[in-house]
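**Q** Please find one structure pasted underneath; my questions will follow.
We did not get these values from a lab; they are worked out from the coordinates using the rules stated. Everything quoted here is computed from the prediction, not taken from an experiment. Glycine gets a Cβ as well: all are built from the backbone with ideal geometry, and neighbour counts include every protein chain shown.
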Amino acid sequence: MAHVTKAVFPVAGMGTRFLPATKATPKEMMPIVDKPLIQYAVEEAMAAGMTEMIFVTSWGKRAIEDHFDKAFELEAELARRGQRDLLKIVQNIVPPRVSCTYVRQPRPLGLGHAVLCARAAVGDAPFAVVLADDLVEARPPVLRQMVRIFERHACSVVAVQKVAREETRRYGIVSVRGGSRSPRRITGIVEKPEPRAAPSTLSVVGRYLLTPRIFHHLRRATGGAGGEIQLTDGIASLLAEEPVLAHEFEGMRYDCGSKLGYLQANLMFALRHPEIGPQFRRYLRAMGCRIPG
């Protein structure tokens, strides 16, 4: 059975919900305290044993390539100043064993189309899809949990989480075969159903492990919700010939595609930050805030 070594990061979106901040800066480069969202996503993939990072980009995303590239002038200046700790941080954003590949999505035709754009880079191998907007704190990391399931069952795995029924219109929603223990076999998946039509309240979170057969179904897909090629539609078609499992993971998800979720993530990560955490905690308490822990 093939090991999962490739991770695809669809980062071609325009980030309109964060304008004007994202007018000239990719939303994936927005920081949670002092680290951009896309770096958290890449670190999760590396922690799951993945060494080939494939970014599906578009116009205006050069900052992502620069972030994972070597910065000779910056490194030389940090070395000259004797700032060894900062130099180490910059040099270890991507270790030497990890490669980065960039492909373009020429038109914004949906998440499924973005994944399809990575077909040549992925080849005939299983791969992960990671959405940087979904920042998930979990031990072990969610992708590592999913890799373990893939190694046992040798089929596609989708991360899911329960949401309030009134929120189903914001997510892909799965129906699963009975039983209460994860993983469970998916019997259906639909993109952004109205609450009354939703088959369950299990929403898809931005973590997928997929077999290469998904590309066959994405090539055949027509415009789904919003006139776009949806990854959920490709998975729905894949269900007819291969099992796909839903993994209800243990962990805390922050929807950093929304302003509220982004601020919540910054607050919680700042509280635990080794450099500023204690001072930030004292500041919030002085403001009259109740801080857990």
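**Q** In whole angstrom, how far apart do the alpha carbon centroids of region 157-188 and region 30-55 sit?
**A** 25 Å
**Q** What are the trypsin sites (Lys or Arg not before Pro) within region 151-227 that DSSP puts in a loop, where the Cβ has at most 14 other Cβ atoms within 10 Å? Spell out each step's value before the answer.
**A** Working: sites: 152, 162, 165, 169, 170, 177, 181, 184, 185, 196, 207, 213, 219, 220; in loops: 177, 181, 213.
Answer in residue order: 177, 181.
**Q** Among rounded, prolate and oblate, which fits region 6-257 when a ≥ b ≥ c are the square roots of the eigenvalues of its C-alpha gyration tensor, a/c under 1.5 means rounded, and a/b larger than b/c means prolate?
**A** It comes out prolate by the Cα gyration axes.
**Q** Mind giving me the FRET efficiency for residue 84 and residue 23? R0 is 51 Å, r the Cβ-Cβ distance, nearest 0.05 is fine.
**A** Numbers: r = 36 Å, r/R0 = 0.70.
Efficiency at R0 = 51 Å is approximately 0.90.
**Q** Could you put 252, 287, 46 in order, starting from the residue whose Cβ has the fewest other Cβ atoms within 10 Å?
**A** 287, 252, 46
**Q** Okay, next question. So for region 129-288, considering every pair of alpha-carbon atoms, how many percent are separated by more than 27 Å? Numbers along the way, then the final one.
**A** Values: 3845 of 12720 pairs.
Value for region 129-288: 30 percent of Cα pairs lie more than 27 Å apart.
**Q** If I take the Cα coordinates of region 1-69 and project them onto the principal axes, what are the three extents in Å, biggest first?
**A** Between the extreme Cα coordinates on each principal axis of region 1-69 lie 46, 26, 23 Å.
**Q** Related question: Once both axes come from the Cα atoms, what is the angle between helix 142-153 and the longest principal axis of the chain, in degrees from 0 to 90, rounded to 10?
**A** Approximately 40 degrees, to the nearest 10.
**Q** I would also like to ask the following. By how many degrees, 0 to 90 and rounded to 10, does the Cα axis of helix 277-286 deviate from the longest principal axis of the chain?
**A** Approximately 90 degrees, to the nearest 10.
**Q** Of the beta bridges DSSP finds with both residues in the chain, what % are antiparallel, to the nearest 5?
**A** Details: 24 of 43 bridges.
Roughly 55 percent of the beta bridges in the chain run antiparallel, per DSSP.
**Q** Please report how far the C-alpha centroid of region 71-107 lies from that of region 192-245, rounded to the nearest whole angstrom.
**A** 36 Å
**Q** Can you count the Lys pairs in the chain with C-alpha separation below 13 Å, eight or more apart or on different chains?
**A** 5
**Q** Where does helix 72-81 land angle-wise versus the long Cα axis of the chain, in degrees 0 to 90, nearest 10?
**A** 40 degrees
**Q** Let me ask another. With a/c under 1.5 counting as rounded, go ahead and sort region 36-82 into rounded, prolate or oblate using the C-alpha gyration tensor (a ≥ b ≥ c being the square roots of the eigenvalues; past the cut-off, prolate if a/b is larger than b/c, else oblate).
**A** It comes out oblate by the Cα gyration axes.
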